[in-house]
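Colleague: Questions regarding the structure given below will be posed in turn.
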Amino acid sequence: MKLIFERGKEGQCCTLMPACDVPQVSLPVPKREKKLRLPHVSENELSRHYTELGKQVHGVNDGFYPLGSCTMKYNPKVNEKAASLTGFTNIHPLQPEHTVQGCLNVLKQTQDMLCEITGMDAMTLQPAAGAHGEFTGLLLIKAYHDSRKDTKRTKIIVPDSAHGTNPASATMVGYEIVNIPSASDGCVDIEKLREAVGEDTAGLMLTNPNTVGIFDKNILEITSIVHEAGGLAYYDGANLNAVMGVVRPGDMGFDVIHLNLHKTFSTPHGGGGPGSGPVGCKEFLAEFLPGLQPVEKECGLGLTAPEHTVGSVKAFNGNFLVVVKAMTYILMLGREGIPAAAKNAVLNANYMMNRLKDIYPMAYDTTCMHEFVMCLEKMKHDIDVSAMDVAKALLDYGIHPPTMYFPLIVHEALMIEPTETESRETLDEAIAVFRKIYEDAQQDPQSLHDAPLHTPIRRPDEVRAARKPILRYTFES
Amino acid sequence: MGSFLPNSEQEQLQMLKEIGFNSFEELFGHIPQQVLLKSLNLAEGMSELQAIDYMEELAEKNVKFRHIFRGAGAYNHYIPAIVGSVTGKEQFVTAYTPYQAEISQGILQSIFEYQTMICELTGMDASNASVYDGATAAAEAVAMSVERKRNTAYVSGTSNPEVIKVIKTYCYGNGIDLVIVPEKDGLTDKDALKAALSADSACFYVQQPNFYGNIEDCDELGEIAHAAGAKFIMGCNPISLAVLKTPAECGADIAVGEGQPLGMGLAFGGPYLGFMTASDKMVRKLPGRIVGETVDRDGKRAYVLTLQAREQHIRREKASSNICSNQALCALTAGVYLAAMGAQGLTQAAELCISKAHYLQDVLAQAGLKPKYDHPFFHEFVTVSDVDSGVILEALEKNGILGGYPLNEKEILWCATEKNTKAEMDQAAAIVKEVCGK
């Protein structure tokens, strides 16, 4: 497939700009010396280029996408319709308040609905992604302890099963990480937690269900232990799809949370963003929230900075159009639809797990929540077929592989999250594929090492990419 | 109620039974009673028809201005029709991060093309796949420049206040000391900068053009920064880079900026696009995803996410940043925009911005709003008047015009782009003249 720079030729272009209707001005400043080289293609060629690129992408719209911890549920088209309303897309972020009552309503209503779903008292929609939300939530924790002059709290506790963004975010807020090993059942080891907490504990970061898809029954005790030590409890909302409308982080003892609108709330992933990572908190932390809060004023809604705000984590009001999509989704699902989605997410995961556990070892032999983890360690040992090999074999069947090698506490892990928007038939087909691949692995392990065979490229040489980085196209001079 | 559950209630029950449960209550039976919610205090779900109706009503509560003269970090440029047609393709919209390269070549290649184009614009050696916006890009660039004995960041006071706020917040988190270098007559105070920088200075950040629209002397500012051993970071307007001396040519170590002008709508502030580029020496400190070129097993050219050892999923607490999801679809948007505009089109757009803004400044001056500064500017400038900004802007608003951004009661920051016609600007000036004349 050609790069866009390898298409067209000098002189070809689109005709987009009008002639200048005012006197032309040249600036008396240093101009760029190096010639600007961008593609030179006609619009026809440009359009075909991207159509061809589109044929080499596999999205949720193309097929089953059971990527654990990512919640690749169906992206409703009505969300796109709402987010493309010109009454939203053409609004300048610095318009006077009385001209943006619709936008402020979107912010306020979405915040209120998300607070209800999560059991929080206040929310900000400014963070642009989950990791950004984690960073924000940790800033709230820091601001809280700082406000009480409790400066000896320098540590954040994180289970070893945590997503990499958790410790990375904590580092960005100057915290030291204390990793606690998980118990043999994949959950928080209560004794190790007790040992780890102390006067230097700023907080604990946790997700529930956890990253192996299990609901930690001791959650109330866990958050209690942290609170007794004077720390705060942070909830990583990446797995909310398992429990939304059924259990609320605010009722599990969490003080601050983040959400991933591009996971739980159906906004599309876009190939890696834009997402949105709202942060919710209990009342006592609300004064530290970043950005501006939509509040009732005499003549409608207005924006106000919280009294002791940590500042801003992004310019303006967050990924507003993403919030519009999530709001549309929440309005459609409503009171009954939200828990129904979670329940079916859990049902679909358990259904798949039950149909695979006779041949694929499950990391934990218990009822799972919205996702489950298979451990291919024995397969690797016995017949040299790894999680990677199974994942690559799936590609030839048009199924996006599950998450590989995460969480780190399971060796040769494959994490499967079907989500609630898949039919029984799709699940049965996927199960059949997984079973076939297992058979193939037993009969002919080499065939899996050769996979994939039918994709646009075969396995890429990642070592070479890192050793001799080529990060841009080089024009012939 | 809208539902995206394909299985009917009977099917759900059937599936439950097959795996040994009689009800959903049993399936959730292992969850402690105390945390189970009785019901959500939310309205009943709406049908799709009702939901879109509801959102349309909200959208109509906003005032859409046909004539926009406000910038201040978010710019009203023409978005070619092809941009929406490409970025609306469902494969691009609904795909996940391209970790499985074999079925993501479309996305990976489009990011590689984007990285190339951003490098061309800035002149720098390498680009990442994007961060959230220009403000967070600036904050991340500051973090990149810190070394063991250099932990103080210097940021010009002529930067966008939103950007300064975000840098401040990030520095509150990561413990970098922040010093704002004062502004003097609408430009960075060079003498103050010289006096402030020292052996503990990690970097100096300046916006080009700056918040007031003025074009800074980046050659000299870069020299001053380097003389003190500090990294030179520029936050650039991407359209202006078609014409102005590039950050690479000014000696920048890191060049970042807000990519929103490259095909993204105003959208009440987001999603936008943070671009980040660096010199070869600093590439491995860049946060976020980066796409690289390689070959596959058959020797075919292929694209992959690379240099992942910088990132959170590998390095965890030692990662250079926590960023995971970024603004991929917006990077695609910028790539399509730049490909559609081409060098010729982008240069035209930049020249139109310059000419239009200078015309606007002239007609506004004649109408009674004097320019505050006498410096070269790109497409934004500040005016001063005796008449209250609020009064001027209200008069414009009544005529469907979003005037410049009020800096205070007497000063307004105006912006003109290729979208503003002579007739529009004449009309705005006429209204202003009437108000100022009173």
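Colleague: So what's the back-of-envelope 222 nm ellipticity for chain B, counting only DSSP H runs of four-plus at -39500 (n - 2.57) apiece and dividing by all residues, rounded to 500? Spell out each step's value before the answer.
Modeller: On the way: 14 runs with 170 residues, N = 438.
It comes out at -12000 deg cm²/dmol, rounded to the nearest 500.
Colleague: Here is a follow-up. Give the shape of the stretch A:245-289 as rounded, prolate or oblate, defined through the alpha-carbon gyration tensor: a ≥ b ≥ c are the square roots of its eigenvalues, a/c under 1.5 means rounded, and otherwise the shape is prolate if a/b is larger than b/c and oblate if not. Mind dumping the intermediate values first?
Modeller: Values: a/c = 4.08, a/b = 1.68, b/c = 2.43.
Oblate, because a/c is 1.5 or more while a/b does not exceed b/c.
Colleague: Would you be so kind as to list the residues of the stretch B:172-199 that have their accessible area lowered by at least 30 Å² in the full protein complex compared with their chain by itself (1.4 Å probe)?
Modeller: Hits at the 30 Å² cut-off: B:TYR172, B:GLY173.
Colleague: May I ask for the net charge around A:CYS20, where only other residues with Cβ less than 12 Å from the Cβ of A:CYS20 are counted and Lys, Arg are +1 while Asp, Glu are -1?
Modeller: Values: positive: B:LYS356, B:LYS422; negative: A:ASP21, B:GLU351, B:GLU418.
That sum, taken over residues with Cβ under 12 Å, equals -1.
Colleague: Once you order the gyration tensor axes a ≥ b ≥ c over the Cα atoms, which shape class does the stretch A:34-99 get: rounded for a/c under 1.5, otherwise prolate or oblate by comparing a/b with b/c? Mind showing how you got there, number by number?
Modeller: Working: a/c = 2.20, a/b = 1.04, b/c = 2.12.
Oblate, since a/c reaches 1.5 and b/c is not below a/b.
Colleague: A follow-up question, please. Using the alpha-carbon atoms, what tilt in degrees (0 to 90, nearest 10) does helix B:161-174 show relative to the longest principal axis of chain B?
Modeller: So the inclination is approximately 50 degrees.
Colleague: Treat every Asp and Glu Cβ in the protein assembly as shown as -1 and every Lys and Arg Cβ as +1, leave all other atoms uncharged, and give the resulting dipole magnitude about the Cα centre to the nearest 20 debye. Mind showing how you got there, number by number?
Modeller: Working: 82 positive and 112 negative charges, 331 e Å.
Using only the charged Cβ atoms, the result is roughly 1580 debye.
Colleague: Report, to one decimal in Å, the Kirkwood hydrodynamic radius for the stretch B:21-64 based on all distinct Cα pairs. Write out the running numbers ahead of the final one.
Modeller: On the way: mean 1/r = 0.0703 Å⁻¹.
Value: 14.2 Å, from the Cα pair sum.
Colleague: Normalising by the residue count of the stretch B:303-438, find the relative contact order in percent from Cα pairs under 8 Å and 6+ residues apart. Intermediate values should be presented prior to the final figure.
Modeller: Numbers: 155 pairs, mean separation 31.0, N = 136.
The value is 23 percent.
Colleague: Hey, another quick one. Can you show me the helix-derived [θ] at 222 nm for chain A, built from DSSP H runs with n ≥ 4 at -39,500 (n - 2.57) apiece and divided by the number of residues, rounded to the nearest 500. Kindly include the intermediate steps, with their values, before the conclusion.
Modeller: Details: 14 runs with 169 residues, N = 477.
Mean residue ellipticity, 222 nm, calculated: -11000 deg cm²/dmol.
Colleague: Quick one: if the Förster radius is 45 Å, what FRET efficiency do B:GLU25 and A:LYS149 give, using the C-beta to C-beta distance and rounding to 0.05? Could the numbers behind the result be given before it?
Modeller: Numbers: r = 48 Å, r/R0 = 1.06.
Efficiency at R0 = 45 Å is approximately 0.40.
Colleague: Could I ask something else about it? For the stretch A:286-355, with the dipole built from +1 on Lys and Arg beta-carbon atoms and -1 on Asp and Glu ones, taken about the Cα centre, which of A:GLN293, A:VAL322, A:TYR351 lies farthest toward the positive end?
Modeller: The listed residue farthest towards the positive side: A:TYR351.
Colleague: Here is a further query. Tell me which DSSP H helices of chain A clear both cut-offs, 18 Å or more of axial length from alpha-carbon atoms and a mean Kyte-Doolittle hydropathy of at least -0.5. Provide the component values of the computation, followed by the final result.
Modeller: Details: long enough: A:101-118 (25 Å, 0.02); A:130-147 (25 Å, 0.06); A:320-356 (41 Å, 0.70); A:424-443 (28 Å, -0.71).
TM-like helix candidates: A:101-118, A:130-147, A:320-356.
Colleague: Could you rank the peptides B:376-385, A:159-168 by their average count of other C-beta atoms within 10 Å per residue, with the highest value first? Each step should come with its number before you reach the end.
Modeller: Values: B:376-385: 23.4, A:159-168: 25.1.
Ranked by mean Cβ neighbours within 10 Å, highest first: A:159-168, B:376-385.
Colleague: Any chance you could check the Cα centroid distance between the stretch A:115-147 and the stretch A:148-195 for me, in angstrom?
Modeller: 17 Å
Colleague: Also, I was wondering about something else. Averaged across the residues of A:336-343, what count of C-beta atoms belonging to other chains lies within 10 Å of each residue's C-beta? List each step's numbers first, then the result.
Modeller: Numbers: counts 7, 10, 3, 5, 8, 3, 2, 8.
Taking all residues of A:336-343 together, the mean is 6.
Colleague: Any chance you could check the Cα centroid distance between the stretch A:424-477 and the stretch B:114-143 for me, in angstrom?
Modeller: Using only Cα atoms to place each centre, the spacing works out to 30 Å.
Colleague: A further question on this structure: Applying 1/(1 + (r/R0)^6) with R0 = 41 Å to the Cβ-Cβ distance of A:SER42 and A:GLU283, what FRET efficiency is obtained, to the nearest 0.05? All intermediate terms of the calculation are to be shown ahead of the outcome.
Modeller: On the way: r = 59 Å, r/R0 = 1.43.
With R0 = 41 Å, the Cβ-Cβ based efficiency is 0.10.
Colleague: Once you have a ≥ b ≥ c as the square roots of the Cα gyration tensor eigenvalues for the protein assembly as shown, tell me rounded if a/c is under 1.5, and otherwise prolate or oblate according to whether a/b is larger than b/c. Show your work: numbers first, answer last.
Modeller: Numbers: a/c = 1.62, a/b = 1.46, b/c = 1.11.
Since a/c reaches 1.5 and a/b is larger than b/c, the shape of the protein assembly as shown is classed as prolate.
Colleague: Expressed as a rounded percentage, what relative contact order does the stretch A:285-443 have, with Cα pairs under 8 Å and six or more residues apart? Intermediate values should be presented prior to the final figure.
Modeller: Numbers: 202 pairs, mean separation 29.5, N = 159.
This gives 19 percent for the stretch A:285-443.
Colleague: Using a cut-off of 18 Å between alpha-carbon atoms, which aspartates and glutamates can reach B:LYS422, once sequence neighbours fewer than 8 places away in the same chain are excluded?
Modeller: Those aspartates and glutamates meeting the cut-off are A:ASP21, B:GLU351, B:ASP362, B:GLU380.
Colleague: Next question. Which lysines does A:LYS392 reach when only Cα atoms under 23 Å apart count, and residues fewer than 8 places away in its own chain are ignored?
Modeller: Filter leaves A:LYS55, A:LYS73, A:LYS357, A:LYS378, A:LYS380, A:LYS436, B:LYS300.
Colleague: Return one number: the angle in degrees, 0 to 90 and rounded to the nearest 10, between the long axis of the Cα atoms of helix B:105-122 and the longest principal axis of the Cα atoms of chain B.
Modeller: Helix B:105-122 sits at roughly 10 degrees to that axis.
Colleague: How many angstrom separate the Cα center of the stretch B:145-189 from the Cα center of the stretch B:27-104?
Modeller: 33 Å
The values are calculated or read from the model by the stated rules, or taken from the named source; none is laboratory data. The shown structure was predicted, so the numbers you read here are calculated from the model rather than taken from an experiment. As a convention, Cβ positions derive from the backbone with ideal geometry for all residues, glycine included, and neighbour counts pool all protein chains shown. Ligands, DNA and RNA are excluded from the accessible area calculation, which covers all protein heavy atoms including side chains. Shrake-Rupley method; radii C 1.70, N 1.55, O 1.52, S 1.80 Å.
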